[in-house]
Structures are given as C-alpha cells and as structure tokens.
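Written below as structure tokens is the structure these notes are about.
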Amino acid sequence: MQGLHLTADLSNCSAAIHLLCDPEVLRGHCLELVKAVGLHAVADRFHRFPDFEGQPGGVTGMVLLAESHLALHTWPEQAAVTLDVYVCNFSTDNSAKAKSLLQALIDLFGPQGLTQQRIQRGDEQIQWGNEQLNQHSRYAYQLGRRLHSEQSAFQHIEVFESPQFGNLFRLDGDYMPSERDEFFYHEAMIHPAAISIGAPKRALILGGGDGGSAEELLKYPSIERVVIAELDEAVLRIARQYFGSIHRGALDDPRVDVQIGDGLAYVRQSQELFDLVVLDLTDPDTPAQALYTETLFADLRQRLSPQGAMVLHTGAPIFKPEAVASLHAALRRQFKCVAPLGLYIPLYGSYWSMAVCSEHIDPRRCSVQTVSDRLQTNHISELSYYNPEIHAALFALPNYFKRLLQNSDETPHHSTPSNQAATSHARAA
C-alpha cells in the first residue's frame, strides 16, 4: 500500500522523568497530539516495564490510528526514546499530518541527539536515478513512473517520467535528452555552427535518434536534406512514441532520410558532401566507440562541402579532463580550425564542452550583428537558449578549460589518422 513511514531515535532527552516512565501521562500526551494534527485514534495500549536495579522501567505504547499507527518505547535510564509513525496514503495523503505528529513528539521529549529515517512505501516510493560523473562523483534526479524499458540489440533503453524534466531518456543508465531541458543541448549543438555557415542545405547526423538535432536544423528554410544515421532502430521507435515534444515531427519530415545501421559504414560508402556534420552520439565506451577515432574525423573532413563544418560534444572538462583534452587534441590534428565552446546542461549535471571543426569556418568570428541578421534572414525566432549574445558567450571559455586545451585549438596538423579512439563523456540518444 502507499504510505509514509517515519522513525526517530531520541537520545539525552530533557523531558521530566515521569514522561518516560508513567504510561498514563504518556498516553494522554500521545492522544492529544494525534488529535491536534488531525489523525484519528481508534484504540491504544500503553505498558510499563518493571523497575530494574533501582532504575524505573520504561514504557512501550501504541496508538492504533484509522490511518495506521503510532508506536514508541522509552528508556528512562538512558533518557532515550524511539518513535515510529506510519500513515496510509491510499485514498488521502496524510504525509503532512504524520510529519507534524513526529515533530510534536520530538518537541515533547526535547532530545539533544536525534536520528530520523523516512521510507516512502508502496507505489509512491521515491526513486532516485543516479549517474556517475567519474570515480569520485555522482549525481541523481528523482524519477517517477518508468514508462518504457527494453534491452535492444545494442543497449538498455529506459523512459521515465520525472517531476523536474518531464519525460527523460536513459541509455545504459546514462541520462540523454529530456523534454524540459533538451534545448540547452540541441540548440548549442546546431545553431552556432549552422549560423556560421549561414544557409546550410545538406546535413548528416550520426546518432541523433531522438530527432532533436534534426528538428533544430529544419528551422532553416535553406535545408534541403538531413540524413540521420542511427545505429539502433529502437531509439527512433521510442522517440516517436514518447518524445514528440523534442523532435516535433522531424523524424518523419520528407527532407529527413533516416538510415538505420552503422554510421561508420555509411560515411565510408557515401560520396555525398554535407554543409554540416553532427556527431550526436552516446559515450565512446558504448556502441558509438568506433565513431570517436581520428580515422573517422579524417573521413568526415572529406565529406564536408568547401564551407562546411563538423560539430560534436566532447564531455565535461571538470570531471573528465584527460578525456576531453585527448579528444580535442585529436580534432586539432584533423581540422585547421577547432572552436571549443561550453555551457551548463542541467540534466547532465555539469558544464559541458562541444567543438565546431572546419577547414574554413570559424564561428568565433561571427559578430552579434551577423548572428542577429542571419537569425532574422532564416526566420528563426522561437529559441529557448541560443541568441546573438549567447553565440559569443558560448566560445568564451573558463581559464581552467583554456589551460586544459593548452590554447592550441587553431593549430592544423592533418596527421596520419590514428585508429585509437578518442575518449570523452559525450552523449545524446
């Protein structure tokens, strides 16, 4: 059954000794407090234990409630009390009354030491979804109902309701997009690069099965074709069912070509040139691992149009510094211009880094006026994060991030590609 169970251990109580050893006095206080908070006593029993070695015996008492029970036990020789309050919340939420009763009892005994426990029982049990940022750090959000769970051929997929973010997506236990904060991630992934290009026509998204990146791209009237190369068909199927507020129909737009299968194979088989390539992937230690190599970065450089750019997310510099630095170094070896950017993404619990990579485009050279003019030309107005002032701010890096990247983000190398995967903590469905 649904209910709230509260317990408390009280020590060094300052209450008069008779309150700890007189069952009738204790009974009177308990019944009075039960009534005062709006609960309903239906029966009670209080029993005093015999004195022992000159010490007064304690009392065990219980009040049966229409809503459930109150139980307590006293140890006069230790000036200690244990309290137990449980209320059923099946038809009415009695949680506030239970909390008030427990607090009133604590005040009655006046403890100097106090330990409390709270258990949410039944269907309304609070569930916390944890994610580990590194070996030293983790964070959590409260989750509601699990709407979907399945093990696909590649990963474990879950959809939860959440009070903070609405429906949210988890892959192998990692948070991906959510309904209420996805705009931080998707707008930062797409618009700084797309605005710098000006009027992109063709785009390739590796991953991106939630449709959020495609939805942002389709806001540009110049877009003629968007290819989504998604490994796992289950991601697309679940996104269509639960995340319409993220993709807004983009997955079924006639300009969007969804290719189910290996994105690496698609890149190597295709001869098409793209104005924008978006790596909207899960972490490197997932099925996306093969897409975090210098070999692929070199292949993608060949798939860019003369004024094209590639954009990807590169992880949390404060939690994965070595991985982020390694990935940016690999990018600098393959592109003449690598422009790092960063922003705080609520669902990911951290300042998050990304990068726009190109042979000719540098988004840091776009002025506020240029961004404003291009947003107006493209009739893009209904955004929740990105604007002309934010464009420049995204590329204003904290000093610790600058030091991590060693201020060498514009040094071109075009070295022989390595097959060694660059590691980071990037993600999205």
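Here are the numbers:
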item: Condition check for PHE46: open to solvent by less than 60 Å² (accessible area, probe 1.4 Å) and of a type in the set (Phe, Trp, Tyr); result: yes
item: Lone unmet requirement of (1) touching a residue at least 60 places away in the same chain (Cβ under 8 Å); (2) open to solvent by 10 Å² or more (accessible area, probe 1.4 Å); (3) farther than 23 Å from ARG268 by Cα for LEU231; result: (3)
item: Number of the condition not met by GLY57 [criteria: (1) buried (at least 20 other Cβ atoms within 10 Å of the Cβ); (2) assigned to a loop (DSSP other than H, G, I, E, B)]; result: (1)
item: Listing of helices (runs of 4 or more DSSP H) fully contained in the stretch 276-383 that carry 1 or more residues being closer than 18 Å to LYS402 by Cα, in contact (Cβ under 8 Å) with a residue 24 or more places away in the chain and open to solvent by less than 20 Å² (accessible area, probe 1.4 Å); result: 321-334
item: All positions within the stretch 288-326 that are touching a His at 6+ places or on another chain (Cβ under 6 Å) and either over 26 Å from TYR351 (Cβ atoms) or among the charged types (D, E, K, R) (or both); result: GLN307, LYS320
item: Test: residue in the stretch 352-360 that is over 23 Å from THR295 (Cα atoms), modelled with pLDDT of 95 or more and of a type in the set (Phe, Trp, Tyr); result: yes
item: Listing of strands (runs of 3 or more DSSP E) fully contained in the stretch 135-217 that carry 2 or more residues being open to solvent by less than 10 Å² (accessible area, probe 1.4 Å) and either basic (Lys, Arg) or over 18 Å from GLU233 (Cα atoms) (or both); result: 174-178
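The values are calculated or read from the model by the stated rules, or taken from the named source; none is laboratory data. Computed from a prediction, not measured in an experiment: that's the story for all the values here. Ideal geometry is used to build each Cβ from the backbone, glycine not excepted, and the neighbour counts take in all protein chains shown. Note: accessible area is taken over every heavy atom of the protein model, side chains too, but ligands, DNA and RNA are not part of it. Shrake-Rupley method; radii C 1.70, N 1.55, O 1.52, S 1.80 Å.
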